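For reference, the structure is listed below as structure tokens.
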Amino acid sequence: MLSKKQIFTKGILAVAPHMFSVIPFGVVCGAIGIELGFSPILVYAMSIIIFGGASQIVFLQLLSGGASALIAVTSVGVINSRHLLYGAVLSEYLEKLSFIKKLLISYLVVDQGFAESNKFFQKNRNETHLHYHLLGSGGTLWVCWQISTLAGIILGSFVPEELGLKFAVPLTFIAIVVQDLKKLDHVIVMITCGLSSLLFFDAPFKSYIIISPIIALFVAALVLRLKK
Amino acid sequence: MTWLSIIIAGIVTYFMRMIMVALVDRDLLGERVKAVLAYVPSAVFPAIIFPGIFINDYGIFIEMNDPKIFGAIVAILVGYFSRNVIATILSGLFSYWIIIFLL
């Protein structure tokens, strides 16, 4: 049996390698918010209230491009719907926690923390204090995210507009999905989404950001059916 | 208005994180739904990537010799082979800057 402290430390160490991507991503996220013309307090508050890098950038980009608030909020919902999947996977290991603890620990679940803690959970099913791993991984990511977005907000106010830092937005998302280009089914879904987004770009209220994922998920369901 | 929508977006995100852990039976999501949810990143992010590259600030399609296309191709190649997030973003930005400032 490992102690709470040991498991907590393991959680911290498990996400440590991810800092090489999380910290620059946080800096980019903060800097882009400023570049898009939002106030520093607002950009920073998102890191606490939403705490989800990709969705924070998309949200600001849509609003600055003239999208309605409803579209911006809905797209955050679509992007973060993957957390339903994470929650469903994690719930098996967090079953014994009190309701309040479940409510609190949920806030800390992000992509990298989920991936690492889930690996640990699968190998150590019988440990009693499993959730301390998630506290360690999620807590570390939270602290680093806060510091790096703040750093980006400060840096962003010095970056001259001519650099065209906005181009970092598509590049950041290329970095997120590029490894999935190795899988044909994912490539089909990505191309469907990308082409639909160009096709529906002029649809009212920037609704392409909702329409194209829906079309792409429909294609994903078809692809899944064909794979069987 | 922006503040209100951030708060709502935060609540929506928190619910996605919390609902399967704390409120509903995890078996509510069937295997099929879970399998489709695994495609969410691939189904969402190209809608940011494609317009971010191919459509300019005025909502017009760019020319095929635009430096952004070159930057994106470099980023995809570097990302694919290096598996490194920072290298992907920086290689794309630098190759874009080289073209707009030097050529």
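The values are calculated or read from the model by the stated rules, or taken from the named source; none is laboratory data. What you see is a predicted model, and the numbers here were worked out from it, not measured in a lab. All Cβ positions, even for glycine, are placed from backbone atoms using ideal geometry, and neighbour counts span all protein chains on display.
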| task | For B:G59, state whether it is more than 20 Å from A:L108 (Cβ to Cβ), of a type outside the set (V, I, T) and in a loop (DSSP other than H, G, I, E, B). | result | yes
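Out of A:I48, A:I32, I need the residue that is over 19 Å from A:I176 (Cβ atoms) and among the hydrophobic types (A, V, I, L, M, F, W, C). Which one? Working first, answer last.
Numbers: A:I32 fails: over 19 Å from A:I176 (Cβ atoms).
Exactly one residue qualifies, and that residue is A:I48.
Taking B:R83 as the residue in question, decide whether it is farther than 23 Å from A:S106 by Cα, among the basic types (K, R) and either within 19 Å of the chain's Cα centre (by Cα) or more than 8 Å from chain A (Cβ to nearest Cβ) (or both).
Numbers: farther than 23 Å from A:S106 by Cα: yes; among the basic types (K, R): yes; either within 19 Å of the chain's Cα centre (by Cα) or more than 8 Å from chain A (Cβ to nearest Cβ) (or both): yes.
Spelling it out, B:R83 is indeed farther than 23 Å from A:S106 by Cα, among the basic types (K, R) and either within 19 Å of the chain's Cα centre (by Cα) or more than 8 Å from chain A (Cβ to nearest Cβ) (or both).
Hey, any hits in segment B:43-51 for a residue that's in a loop (DSSP other than H, G, I, E, B) and either out of contact with any Phe, Trp or Tyr (no Cβ under 9 Å at 6 or more places or on another chain) or at pLDDT 95 or above (or both)? Explain how you work it out, then say what you get.
Restricting attention to segment B:43-51, the residues satisfying the condition of being in a loop (DSSP other than H, G, I, E, B) are B:45.
With the extra rule that they be either out of contact with any Phe, Trp or Tyr (no Cβ under 9 Å at 6 or more places or on another chain) or at pLDDT 95 or above (or both), the set shrinks to none.
So far as segment B:43-51 goes, no, none of its residues is in a loop (DSSP other than H, G, I, E, B) and either out of contact with any Phe, Trp or Tyr (no Cβ under 9 Å at 6 or more places or on another chain) or at pLDDT 95 or above (or both).
Okay, residues lined up against (1) at pLDDT 90 or above; (2) outside the structural domain of B:I100 (by TED's automatic domain parsing):
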{"residue": "B:T13", "(1), (2)": "yes, yes"}
{"residue": "B:D25", "(1), (2)": "no, yes"}
{"residue": "B:I55", "(1), (2)": "yes, no"}
{"residue": "B:I62", "(1), (2)": "yes, no"}
{"residue": "B:P67", "(1), (2)": "yes, no"}
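Any idea which of A:G66, A:G26, A:G77 is without any contact (Cβ under 8 Å) to a residue 40 or more places away in the chain and of a type in the set (G, A, S)? Don't jump to the end; show me each part of the working.
Values: A:G66 fails: without any contact (Cβ under 8 Å) to a residue 40 or more places away in the chain; A:G26 fails: without any contact (Cβ under 8 Å) to a residue 40 or more places away in the chain.
After applying the criteria, what remains is A:G77.
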| Cross-chain or 6+ apart pairs with Cβ under 6 Å, segment B:60-89 first and farther than 24 Å from A:D202 by Cβ and of a type outside the set (F, W, Y), then at pLDDT 95 or above and surrounded by fewer than 14 Cβ atoms within 10 Å (Cβ to Cβ) | none
| Whichever residue in segment A:203-228 is at the interface with another protein chain (Cβ under 7 Å from one of its Cβ atoms) and not aliphatic (A, V, I, L, M) and, among such residues, is nearest to A:G66 (Cα to Cα) | A:Y208
| note | Of the residues in segment A:186-201 that are within 7 Å of chain B (Cβ to nearest Cβ) and out of contact with any Ser or Thr (no Cβ under 7 Å at 6 or more places or on another chain), the one that is surrounded by the most Cβ atoms within 10 Å (Cβ to Cβ) is A:G194
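Results for (1) of a type in the set (F, W, Y); (2) touching a Lys or Arg at 6+ places or on another chain (Cβ under 8 Å); (3) more than 10 Å from chain B (Cβ to nearest Cβ), shown as yes or no for each residue.
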position	(1), (2), (3)
A:Y107	yes, yes, no
A:V110	no, no, no
A:A115	no, no, yes
A:H131	no, yes, yes
A:T140	no, no, yes
A:L155	no, no, yes
A:P160	no, no, yes
| Could you list, in sequence order, the residues of segment A:33-66 that are among the aliphatic types (A, V, I, L, M), buried (at least 20 other Cβ atoms within 10 Å of the Cβ) and more than 11 Å from every other protein chain (Cβ to nearest Cβ)? | A:I34
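Would you mind finding the one in A:K123, A:K183, A:K119 that is charged (D, E, K, R), within 13 Å of chain B (Cβ to nearest Cβ) and either closer than 30 Å to A:L90 by Cα or touching a helix residue (DSSP H, G or I) at 6+ places or on another chain (Cβ under 7 Å) (or both)? Working first, answer last.
On the way: A:K123 fails: within 13 Å of chain B (Cβ to nearest Cβ); A:K119 fails: within 13 Å of chain B (Cβ to nearest Cβ).
It is A:K183.
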| message | For segment A:48-158, give me every one of the helices (runs of 4 or more DSSP H) that falls completely inside it and has 2 or more residues that are farther than 30 Å from A:M1 by Cβ. | response | A:53-64, A:69-80, A:82-94, A:131-156
